[in-house]
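*Asks:* Quick one: structure below, then a few questions.
The values are calculated or read from the model by the stated rules, or taken from the named source; none is laboratory data. Remember, predicted model here, so these are calculated numbers, not experimental data. Glycine gets a Cβ as well: all are built from the backbone with ideal geometry, and neighbour counts include every protein chain shown.
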Amino acid sequence: MENPKPADAASCPTDESPKNWEGKFEEVETGPQGAVPPVVQFKNVSKEFQRGKERFLALRDVSFVVENLPDCGEFICLLGPSGCGKSTLLRLIAGLEPHFPPSSGEVLVGGKSVAGPGADRAMVFQDYTSYPNRTVLKNVEFGLEIQGKPKAERREIANSWITKVGLQGHENKYPYELSGGMKQRVAIARTLAVRPSIVLMDEPFGALDPETRYAMQELLIDLWKEMQSTVFFVTHSITEAAYLGDRVYLMHGPPGRLVEEIKLPRPEESPLEVESRADFREVVALLKSKIHGKSETTDR
Ligand SMILES: Nc1ncnc2c1ncn2[C@@H]1O[C@H](COP(=O)(O)OP(=O)(O)O)[C@@H](O)[C@H]1O
Ligand SMILES: [Mg+2]
């Protein structure tokens with residue numbers, strides 16, 4: 001299957017997902033196309049880069065639909081080996097050059113063709129993109145300043161996000177004084193404080209040690225349940241994708257293709273606890289078998 005079919009958009013995955021991992025996962029079937037425009041839609045999107053005299057196909061004919069579900073956003077994990085176009089796909093949604101615009105096809109957000117970056121979409125990168133000359137508080141306030149929020153309001157919002165991500169007491173520290181996990185908490189707080197409807201995360205936990213990574217995965221899910229934004233989360237890690245994702249978009253490449261959409265149940269346990277469950281491990285093994293041979297994807 002070169003391009004997966006649209007997802008079943010009938011229900012909110014957080015409410016409806018089976019809590020039991022038995023029955024594992026289903027491949028996504030064609031579902032109803034509602035009147036509300038999809039959150040994100042790719043229509044036969046390809047992206048070519050010029051490499052010297054050669055042209056290089058980074059993404060080939062990618063199509064998918066993320067439906068607008070009532071009062072909730074989906075958590076979508078992009079899983080695949082290095083170079084299969086995961087970052088390219090994310091940056092096309094963000095409208096960021098040089099990946100944007102696509103060479104052919106169309107990227108739609110909320111039913112409208114993406115024309116560039118916008119406040120409705122925000123990105124979190126692996127490399128802790130905080131402003132080095134701003135304190136934690138000032139970093140979290142940054143987007144709110146851009147939005148033109150009055151000082152008292154932005155301070156209140158920033159402080160509440162600092163508490164949510166567990167950084168209270170560190171408000172006046174500078175990024176160089178923080179560990180990697182803490183820096184990534186700042187990046188997450190700063191990104192979510194402006195309440196984007198789409199959060200784009202490019203291997204945000206890739207540089208963290210395993211313990212910190214577990215903690216960050218759990219924190220992210222807690223925040224996402226409250227926010228209900230649509231999240232696109234790029235990862236190399238099969239277990240991370242299996243834990244976080246309502247759906248996994250499995251990619252192969254180059255040239256980057258979306259080969260399968262897989263719907264997963266949402267576990268209630270912590271990432272550490274769920275890994276001891278036989279049924280979760282089965283799902284991980286199955287995902288592994290689906291990408292095996294074509295990828296150097298590693299786990300954690
Ligand atoms: N700006 C660019 N110019 C040329 N080639 C690029 C550029 N960005 C990405 N590529 C190539 O496109 C392919 C997909 O890249 P990327 O989306 O970063 O993959 P992934 O995130 O899955 O590792 C890679 O082969 C990469 O080298
Ligand atoms: Mg990448």
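*Asks:* I'd like the residue in region 206-232 that is closer than 13 Å to GLN184 by Cβ and in contact (Cβ under 8 Å) with a residue 60 or more places away in the chain and, out of all such residues, is nearest to ligand 1 (Cβ to nearest atom).
*Replies:* GLY206
*Asks:* Any residue at all in region 283-297 that is modelled with pLDDT of 90 or more, assigned to a strand (DSSP E or B) and more than 16 Å from ligand 2 (Cβ to nearest atom)?
*Replies:* Checked region 283-297: no residue is modelled with pLDDT of 90 or more, assigned to a strand (DSSP E or B) and more than 16 Å from ligand 2 (Cβ to nearest atom).
*Asks:* Looking at (1) assigned by TED's automatic domain parsing to the domain that holds GLN184; (2) part of a loop (DSSP other than H, G, I, E, B); (3) among the aromatic types (Phe, Trp, Tyr), find the lone condition where PHE142 falls short.
*Replies:* Against the list (1) assigned by TED's automatic domain parsing to the domain that holds GLN184; (2) part of a loop (DSSP other than H, G, I, E, B); (3) among the aromatic types (Phe, Trp, Tyr), PHE142 comes up short only on (2).
*Asks:* List every residue pair whose Cβ atoms sit under 7 Å apart, with the two residues 6 or more apart in sequence or on different chains, where the first one lies in region 74-95 and is touching a residue at least 40 places away in the same chain (Cβ under 8 Å) and within 15 Å of VAL199 (Cβ to Cβ) and the second, anywhere, is more than 9 Å from ligand 2 (Cβ to nearest atom) and part of a helix (DSSP H, G or I).
*Replies:* From region 74-95, the pairs are GLU74/PRO13; PHE75/TRP224; PHE75/LEU244; CYS77/ALA241; CYS77/LEU244; LEU78/LEU89.
*Asks:* Return the only residue of ASN172, ASN159 being within 19 Å of MET227 (Cβ to Cβ) and touching a Leu at 6+ places or on another chain (Cβ under 9 Å).
*Replies:* That would be ASN159, the only listed residue that is within 19 Å of MET227 (Cβ to Cβ) and touching a Leu at 6+ places or on another chain (Cβ under 9 Å).
*Asks:* Ok, one more. Given the criterion assigned to a strand (DSSP E or B), touching a Ser or Thr at 6+ places or on another chain (Cβ under 6 Å) and buried (at least 16 other Cβ atoms within 10 Å of the Cβ), identify the matching residue among LEU78, LEU59.
*Replies:* Going through LEU78, LEU59 in turn, just one is assigned to a strand (DSSP E or B), touching a Ser or Thr at 6+ places or on another chain (Cβ under 6 Å) and buried (at least 16 other Cβ atoms within 10 Å of the Cβ): LEU59.
*Asks:* Please specify each residue of region 208-234 satisfying the condition of being surrounded by 19 or more Cβ atoms within 10 Å (Cβ to Cβ), at pLDDT below 95 and not in a helix (DSSP H, G or I).
*Replies:* Scanning region 208-234 gives LEU208, SER229.
*Asks:* Scan region 101-124 for residues that are assigned to a loop (DSSP other than H, G, I, E, B), buried (at least 18 other Cβ atoms within 10 Å of the Cβ) and within 16 Å of ligand 1 (Cβ to nearest atom) and report the count.
*Replies:* Residues that pass the stated criteria total 2.
*Asks:* Just to be sure, is MET182 within 14 Å of the chain's Cα centre (by Cα) and either part of a loop (DSSP other than H, G, I, E, B) or surrounded by 16 or more Cβ atoms within 10 Å (Cβ to Cβ) (or both)?
*Replies:* Criteria not met by MET182.
*Asks:* Still on this model: Take region 60-100 and flag every residue that is within 20 Å of ALA122 (Cβ to Cβ), within 11 Å of ligand 1 (Cβ to nearest atom) and under 15 Å from the mean Cα position of the chain (by Cα).
*Replies:* Within region 60-100, LEU78, LYS86, SER87, THR88, LEU89, LEU90, ARG91, LEU92 meet the criteria.
*Asks:* To continue, here is another question. Return yes or no: is GLY34 at pLDDT below 95, assigned by TED's automatic domain parsing to the domain that holds TYR243 and within 16 Å of ligand 2 (Cβ to nearest atom)?
*Replies:* no
*Asks:* Working only within region 149-179, note down all residues that are of a type in the set (D, E, K, R) and under 22 Å from the mean Cα position of the chain (by Cα).
*Replies:* If the condition is that a residue be of a type in the set (D, E, K, R) and under 22 Å from the mean Cα position of the chain (by Cα), then LYS164 is the only one that fits.
*Asks:* With the checklist (1) of a type in the set (Asp, Glu); (2) within 22 Å of the chain's Cα centre (by Cα); (3) at pLDDT 90 or above in hand, flag the one item GLU141 doesn't pass.
*Replies:* Among (1) of a type in the set (Asp, Glu); (2) within 22 Å of the chain's Cα centre (by Cα); (3) at pLDDT 90 or above, GLU141 violates only (2).
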